[in-house]
Amino acid sequence: MSYPQPPYVMLSENNGGIRPPPYRRNIPQYQTNNQKKRGNRCVRCICCCYCCLFLLILISAAIFFYFYAFVQPKMPTYQVQGLQVKAFDVQMDFSLNTEFLVTVKAENPNENIGFVYGKDSSVTVSYTDSTLCSGKLPAFHQGKKNITMMKVDLKGKSEFGSGLQEALMKNQKGGRIPLLVRVEAPVSIVLGETQMRQFVAHVNCSLVVDNLSPNKKIGILESKYTLGFTF
């Protein structure tokens, strides 16, 4: 007697005889024409940017070479030519009223470049890190191959304790008083008729003078300069 076959198949323990279907393979996808065109545009854009950058570097190098080969720029120089004490009065509250007249020499050695000095300048005179007086340089235009002498009025009131008084009296007796003159001035370069980039000139002048007596000629015994620029 035969029985009808069941609608399912019994598997053995080792799954012999029947294998599971193979895993589905990923079908490779090919780029469409639109994707190719988009990629070509990106490559062309990158190449164009590199070409523009190279051209900009080439033009900048040519301008730089022309400026230094034909204009031959030189740094301006500064010097303290004279110092006059109009007032040097110690008050009862140990404060000090001072008034100096400083003569500053600015020299432009360039044959093709001028300078414009701005308004936001400062000049200070200090003694052992104590500011005695301050003022400003005049705003002016300095032409080519030019030397300009500037007389700058400086005024100030500062604390002048017993320690500073003793140190100053000792320096006065020895005839050697150290002072520091600081000058900061915004300067613009003028090439032809064009006013170009501005920089700030920093001048530190370490002086040794023989006295600080009012209305008396002051001799400058030593002077040392440091010059710096910020752009």
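Of all residues in region 215-229, those that are assigned by TED's automatic domain parsing to the domain that holds Leu101 and touching a residue at least 12 places away in the same chain (Cβ under 8 Å) have Cβ atoms under 7 Å from Cβ atoms of residues that are surrounded by 11 or more Cβ atoms within 10 Å (Cβ to Cβ) and assigned to a loop (DSSP other than H, G, I, E, B), 6 or more apart or on another chain, in Ile218/Asp210; Ile218/Asn211; Leu221/Arg176; Leu221/Asp210.
Contact map, region 185-213: residues that are over 30 Å from Lys170 (Cβ atoms) paired with residues that are exposed (fewer than 14 other Cβ atoms within 10 Å of the Cβ) and of a type in the set (D, E, K, R), Cβ distance under 6 Å, separation 6+ or inter-chain. Pairs shown: Pro186/Asp120. Give region 190-231 a look and list any residue that's surrounded by fewer than 13 Cβ atoms within 10 Å (Cβ to Cβ) and among the hydroxyl-bearing types (Ser, Thr, Tyr), or say none. If the condition is that a residue be surrounded by fewer than 13 Cβ atoms within 10 Å (Cβ to Cβ) and among the hydroxyl-bearing types (Ser, Thr, Tyr), then Thr194, Ser213, Thr226, Thr230 are the ones that fit.
Only one of the listed residues (Glu99, Glu111) is in contact (Cβ under 8 Å) with a residue 24 or more places away in the chain and part of a strand (DSSP E or B). That residue is Glu99.
Quick grid of which residues meet (1) exposed (fewer than 10 other Cβ atoms within 10 Å of the Cβ); (2) at pLDDT below 75; (3) more than 30 Å from Thr131 (Cβ to Cβ):
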| position | (1), (2), (3) |
| --- | --- |
| Pro4 | yes, yes, yes |
| Pro7 | yes, yes, yes |
| Pro73 | no, no, yes |
| Pro76 | no, no, no |
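The values are calculated or read from the model by the stated rules, or taken from the named source; none is laboratory data. Predicted model, so just to flag it, every value in this text is computed and none were measured. Quick reminder, even Gly has a Cβ in these numbers, built from the backbone with ideal geometry, and neighbours come from all protein chains shown.
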